[in-house]
Amino acid sequence: MIKNKFKNLKTHKNKIKFIFDGKTMFGYKGDTLASALLANNINMVGRSFKYHRPRGIFASGVEEPNALVEIIEDKNIIPNIKATTLELYEGLIAKSQNYWPSLKFDILGIFDLFSNFLVAGFYYKTFKWPSFFWEKLYEPMIRKAAGLGKVSTNPSRVISEKGYLFCDFLVIGSGPTGLLAALILGNSGKSVILMEQDFVFGGSLNRDNPIIDNVSSKIWKNKIITRLENLPNVRTMKRTTVLGMYDHGSFAATETFKKESVKKQYQILWRVKSKKTFLCSGSTERHISFQNNDIPGIMLSSSIREYTNRWQLKTFKNVVFFTNNDYPYYVARDLISRGTKQVSIVDVRKEIKFSDPTISIYKNAEVINTKGKRKIEGVFIKAKNKPILFLHCDTLGVSGGWNANIQISTHTNEKPVWNEQVLSFVQKKISKNSNIKCLGSADGIYELNDLFINTKKEVFKYLKTLNLKSKNIDLPNVNTKETYNIKPFWFVKYGSDRKWVDFQNDVTVKDIQISYKENFRSIEHLKRYSTLGMGTDQGKVGNIVGLGILSEISNKSIRNIGTSTFRPPYVPASIDAFVGFTKNKSFKAKRLTPSHAWSKKNNSEFVETGLWYRSQWYPKKNEINWLDTVNREVLNVRNNVGFCDVSTLGKIDIQGKDSLEFINKIYCNNFNNLSIGKVKYGLMLREDGMIMDDGTTARLDENHFIMTTTTSNAEKVYQHLEFCHQCLWPYMDVNLISITDSFSQFSVAGPNSRKLLQSILDNSEEISNKNLPFMGFKKIWLKNGLSAKIFRISFSGELAYEISIETQYSDVFLEILEKEGKKFNLSPYGTEALSVLRIEKGHISGPEINGNTSPLNVNMLNILNFQKDCVGNILFQRKKILNNNLRLVGLLSDNKIHSGSLIFDKDMKMNSENELGYVSSSCFSPCLGKYIALCFFSGGEKYFGKNIIVKNFLKKYKTFAKICSPVFIDKEGKKLRV
Amino acid sequence: MFKYNLVNKSVAKDKIILKSKDITFIKKKIKLIYSFSIYNGQSTKFKNNFKKQFNLSLPNISEYSKLDKITVLWIRDNSYFVCSDFNLKKKFEKSVNTFYSLASITDQSGGWASFFIEGSLKKMLLEKMINIDYNKLSEKSVISTSFYGIRCLFVNNLNINKLEVLCPISFSDSIEKKLLNVINFTKAVQSNY
Amino acid sequence: MYIEHPLLGSRSIDEFIYYGDASLLKRPVFNQNKILEKFHKYLYLRKNPNGIHSELWFHLYGDRSWLIVERDTKTHEIRNVILANKELG
């Protein structure tokens, strides 16, 4: 007799208080919510999905289909948590689900009465007509009745992080197989990680309590664990559930931490990469289908054993087992040794080797029905050639056999094979090079002695293939041998219906028969038509039963039917784990400009451009409307001087003796005439001839250039340049370095821009019109001794400069600029004003470079150089591109124009055939006092002066506009050269 | 020309973000960082000149080498970051000038933020930061990888409980927040191990 | 999924950007006969194998190198990885 070590733990110190359905109860440290509920004689824990039948705790682990509860913490509700894996903690508040108004008296239980109509295919057949009822009536109705738990919209209190682990060997599962395998692997000296989803190690040892090497399994297990924990190359992890297997030996696993009370719950999503993985996930018992086999009090026989041995429950006083194999006989012995008075076994087999006077055995017999609604009262038994018998009981344990838990090994499409001896799917055809190997009962080896022999053999064999050695370990000797002797038996023929196969989705034998009748006969069709195995338990207890039933109905062997595909996650995983830190404001990293702090101080509103936070405008205290702010900023640039942070534009430093040749191959216009100290506009094409980006490139020296790109294309252009260098022209001696972050860049624009800049320079003559003409570049020194680069380029069309100064000096530069700027009415301007200024000037930007425009469309055909090899200039010459007659024009209107609007002739019908073009950019022009836009129009310049309709179908808006030149301000470009 | 007293306040001094018995987390002041990308066929000349100027050999792939105030990081094939104290810039420039025909040089000092993590929790932190088996790398390694969606450099010595994280300066606030989060998380769960 | 970088060792797929078929390396030489057709074929026509595929990956978060990767599109097994610029240069 094994001493009840666990009994000693049931002291006052380890008592835990919790609340279930409003009632306060007590359990002990080491309990799950399920074991505590059973100990408190709670049997009904929920209502089923479809028929709202009373349901109880069915299993004792991740395979649990019924006991899904919701946990309530503050205002937060977490639904659909399995009571059988929820580790009990002080202050837990849990509630059963899926009923109204109470668990005991559920109005929707009425669905059960209509079960004849709610069979497989019900939704497809019933809610067909009339079709307009779907949106208004059917869908809302089904939604309300559907689902199990409620979802809370309050922020979760789970704190998650991501993690990355690497090892030579990953062992999944810490039962007898996993422990032995981990020890042998650990002794080889290579790195080993052992992952166990439960909060204690041991797996089936905790349930079956075998005697190994003449000691209790607990002592044996603890010896191994101690040895493992003393190996520095072995890492053991509890509460760590492997969710799935992915390519190249990578796995996802979630690790949770012991929750002492209602505090924050921590969680890690691990990505594990292992060279070889051993799946020691054990096996899961399945049930047998018969009439009314789903009521509270009916459980897997292995779960009864686990509640008795692991959690010392004494609530099973009068137990009946229904079985097709030997396992329940051993469970019966455990029950009796712990004080259960009455145990009976109903066995479908004719020949049984057991004859135990303390157990009532019914051979060649079946359980054909049960009595009881909210708790089982008894069973109806029919033995062959004998009359129906009624047996009272408080618990019914079912045992239909064991399924090897191979699911994770099938995630990368390895198909398992049905083994007729053990009646389970196993991985026999797995390729030698495959990263994963199943061991122990996960490989269909159920008897413990055989399991140890096989595990030791396989692991040593594997190590030998790698030329690795491991210390020899004595084979553990199992003193309590347990046999199997299974006979295939899937469902009881007696009785017409109400024989459950999948408890969670309320799928019965009748549903499978209907699916088959309606020709949904392949396993994949059966699954989807009947929803067998589609619940959160992924059919762990019912799938194979369903498969067996299909096999009998169709007279096809299970081997030929096969199994449906398993996909990660192996058990439900909270989305929290995948989100981790990246939620709410931290969803993406924020990229801040050098002037961010200054802008914030000056009341700027920010806009997100990709990851960048850019200043959109700088409202003054009296400005209520953003348009007033933007108009003021624009006019101030046109009349005085403004400055804008343009650091976000990509800056690429290009150096090397082949730099010029390289740049000439990247831009479609000629760059051979760019001399030192000059800047040139560059148009960059994709290989298909469409515009990729535009910018300017300055020549600092013979072999030194700086290229700028638009903000949003900076990464893309850099990748493109590296592609061209490394993949197309690797012989070129050129180096590309991104300096976007190293240098801050500010545009200073307006008629007073030169005067302002001269006042902060050491030598004001440096930037006179003669010494720094339009499109020139120079290195300059500020009065405080700092050096900077100055480019005389203009996006706004005014006299303008861009100053590039090392980022670490941006604060002091802004200080100086602000101080000296007061004399000239300097004010900052943001991206909105920047946009208005360039639209007024007819400069193309992001909206015009939309991927569908070629140089021809933006009136730049004349700058293309066809004499040289450059990206895009060949495919640009395709007929379709050359014949495209869209040209960039301007639009002028008294009313607002929206970007994306379509252009139509006044006299034609507004349909897609008559579309004449579309608006790419639009704004209000304070300089003209009108609304303006840039637009691609069929025909271009010869239509200047024509009135057309601008129509926006989405906004249901229409206005008139006049076609004009896209350059609204200073067509001759006089201001630029002043 | 450079003036240390004119640098942005946010990078002028070290800032201690967190200090406890098992972990210290500091945002460092500005570092001097120059990038060198060797021109075709100049490798040998560059190596020799480098040894002459700094008395230091270039590091191997994904490694760093260090001597006194100079640290050299391998960034990519034929490309290195040379790091030092910012206030040594004047002296440094003189050495840099000897390389102009051998490599393309850019001053990256203002472009990077540097974070310093030291303490016994370093190992547990690293396994939550980078998806790299850093234990298989050399003793002194530079790891360029994705962290919080951003390309960062991790400078790690296997035998010391010190780690440096370099990120583009525009992301420094976000990276600081993310690093602090990982540190606080690790501190909170470490008692469970 | 992991790519075995020839210089840096095993790196997670998140560090890379997939670009396309490795035939993009064979850009037609400028100034040939039927150059338009050749470029059209180069950019648009390619095989789509169920099996080994030679493709281009950019190591954006690592050393910004371009790699030629041989990957089995069916099993995802990666056979061979080389630096693009060493292949031609």
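The values are calculated or read from the model by the stated rules, or taken from the named source; none is laboratory data. The shown structure was predicted, so the numbers you read here are calculated from the model rather than taken from an experiment. FYI the Cβ positions are ideal-geometry reconstructions off the backbone, even for glycines, and counts take in every protein chain you see.
Here are some notes:
- Pair list, Cβ < 7 Å and 6+ apart or interchain, from region C:26-45 residues that are at the interface with chain A (Cβ under 8 Å from one of its Cβ atoms) and surrounded by 15 or more Cβ atoms within 10 Å (Cβ to Cβ) to residues that are among the acidic types (Asp, Glu) and assigned to a loop (DSSP other than H, G, I, E, B): C:LEU43/A:GLU687; C:LEU43/A:ASP688
- Tallying residues that are away from chain B (no Cβ under 14 Å) and either in contact with a helix residue (DSSP H, G or I) (Cβ under 6 Å, 6 or more places away or on another chain) or among the hydroxyl-bearing types (Ser, Thr, Tyr) (or both) within region A:772-784 yields 1.
- Of the residues making up region A:584-608, those that are within 12 Å of chain B (Cβ to nearest Cβ) and more than 30 Å from A:PRO155 (Cβ to Cβ) are A:THR593, A:PRO594, A:SER595, A:TRP598.
- Condition check for C:ASN80: surrounded by fewer than 14 Cβ atoms within 10 Å (Cβ to Cβ), more than 10 Å from chain A (Cβ to nearest Cβ) and either polar (S, T, N, Q) or not in a loop (DSSP other than H, G, I, E, B) (or both): yes
- Checked against the criterion of being touching a Gly at 6+ places or on another chain (Cβ under 6 Å) and within 30 Å of A:THR629 (Cα to Cα), the candidates A:PHE936, A:PHE876, A:PHE953 yield just one match: A:PHE936.
- Complete set of residues in region B:140-193 that are within 26 Å of A:GLN267 (Cα to Cα), of a type in the set (Gly, Ala, Ser) and part of a strand (DSSP E or B): B:SER146
- Every residue from region A:616-652 that is within 14 Å of chain B (Cβ to nearest Cβ) and in contact with a Phe, Trp or Tyr (Cβ under 8 Å, 6 or more places away or on another chain): A:ASP645, A:VAL646, A:SER647, A:THR648, A:GLY650, A:LYS651, A:ILE652
- Boolean, B:SER57 is more than 10 Å from chain A (Cβ to nearest Cβ), surrounded by 18 or more Cβ atoms within 10 Å (Cβ to Cβ), over 25 Å from A:SER804 (Cβ atoms) and not charged (D, E, K, R): no
- Here is the figure for region B:1-44: residues that are more than 11 Å from every other protein chain (Cβ to nearest Cβ), over 20 Å from the mean Cα position of the chain (by Cα) and under 27 Å from B:ILE117 (Cα atoms) total 4.
- For region A:967-976, the criterion of a residue being in contact with a Lys or Arg (Cβ under 8 Å, 6 or more places away or on another chain) and in a strand (DSSP E or B) is satisfied by no position.
- Residue within region A:873-889 that is under 26 Å from A:SER794 (Cα atoms), out of contact with any Asp or Glu (no Cβ under 6 Å at 6 or more places or on another chain) and surrounded by fewer than 19 Cβ atoms within 10 Å (Cβ to Cβ) present: no
- Test: A:SER827 is within 21 Å of A:VAL607 (Cα to Cα), in contact (Cβ under 8 Å) with a residue 24 or more places away in the chain and either out of contact with any Leu (no Cβ under 9 Å at 6 or more places or on another chain) or surrounded by fewer than 19 Cβ atoms within 10 Å (Cβ to Cβ) (or both): yes
- No other residue among C:TYR2, C:TYR19 is more than 19 Å from A:HIS725 (Cα to Cα), touching a helix residue (DSSP H, G or I) at 6+ places or on another chain (Cβ under 8 Å) and within 8 Å of chain A (Cβ to nearest Cβ) apart from C:TYR2.
- In region A:803-824 there is at least one residue that is in a strand (DSSP E or B), of a type outside the set (Val, Ile, Thr) and within 21 Å of A:THR696 (Cα to Cα).
A quick yes/no check of all residues on (1) over 24 Å from B:VAL11 (Cα atoms); (2) within 47 Å of the chain's Cα centre (by Cα); (3) within 14 Å of chain B (Cβ to nearest Cβ):
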{"residue": "A:LEU786", "(1), (2), (3)": "no, no, yes"}
{"residue": "A:ARG792", "(1), (2), (3)": "yes, no, no"}
{"residue": "A:PHE795", "(1), (2), (3)": "yes, yes, no"}
{"residue": "A:GLU798", "(1), (2), (3)": "yes, no, no"}
{"residue": "A:ILE803", "(1), (2), (3)": "no, yes, no"}
{"residue": "A:THR807", "(1), (2), (3)": "no, yes, yes"}
{"residue": "A:GLU815", "(1), (2), (3)": "no, yes, yes"}
{"residue": "A:PHE824", "(1), (2), (3)": "yes, no, no"}
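- Scoring A:ILE666 on the criteria (1) buried (at least 20 other Cβ atoms within 10 Å of the Cβ); (2) of a type in the set (A, V, I, L, M); (3) away from chain C (no Cβ under 14 Å) leaves a single failure, condition (3).
- Any hit, region B:6-27, residues being under 30 Å from A:SER659 (Cβ atoms), in a strand (DSSP E or B), touching a helix residue (DSSP H, G or I) at 6+ places or on another chain (Cβ under 7 Å) and of a type in the set (A, V, I, L, M): no
- Residue ranges of helices (runs of 4 or more DSSP H) in region A:480-598 with at least 3 members under 28 Å from A:VAL119 (Cα atoms): A:509-517, A:523-530, A:543-554, A:558-561
- The set of residues from region C:33-61 being out of contact with any Lys or Arg (no Cβ under 6 Å at 6 or more places or on another chain), within 28 Å of A:LEU736 (Cβ to Cβ) and assigned to a loop (DSSP other than H, G, I, E, B) comprises C:ARG46, C:HIS59, C:LEU60.
- Total residues in region A:544-576 satisfying the condition of being more than 19 Å from A:GLU63 (Cβ to Cβ) and among the hydrophobic types (A, V, I, L, M, F, W, C): the figure is 5.
- Positions within region C:46-75 being within 12 Å of chain A (Cβ to nearest Cβ) and surrounded by fewer than 13 Cβ atoms within 10 Å (Cβ to Cβ), in sequence order: C:LYS74
- Residue match in region B:86-105 (condition: outside any helix (DSSP H, G or I), more than 12 Å from chain A (Cβ to nearest Cβ) and either surrounded by fewer than 20 Cβ atoms within 10 Å (Cβ to Cβ) or at pLDDT 95 or above (or both)): no
- Filter result for A:LEU772 (in contact with a Gly (Cβ under 7 Å, 6 or more places away or on another chain) and of a type in the set (A, V, I, L, M)): no
- Applying the condition of being at the interface with chain A (Cβ under 8 Å from one of its Cβ atoms) and in a loop (DSSP other than H, G, I, E, B) to region B:106-128 and asking which residue is nearest to B:LYS13 (Cα to Cα) yields B:GLN108.
- Verdict on A:TYR570 being of a type in the set (Ser, Thr, Tyr), more than 14 Å from every other protein chain (Cβ to nearest Cβ) and surrounded by 24 or more Cβ atoms within 10 Å (Cβ to Cβ): yes
- Scanning region B:64-83 for residues being at negative phi and more than 11 Å from every other protein chain (Cβ to nearest Cβ) gives a total of 12.
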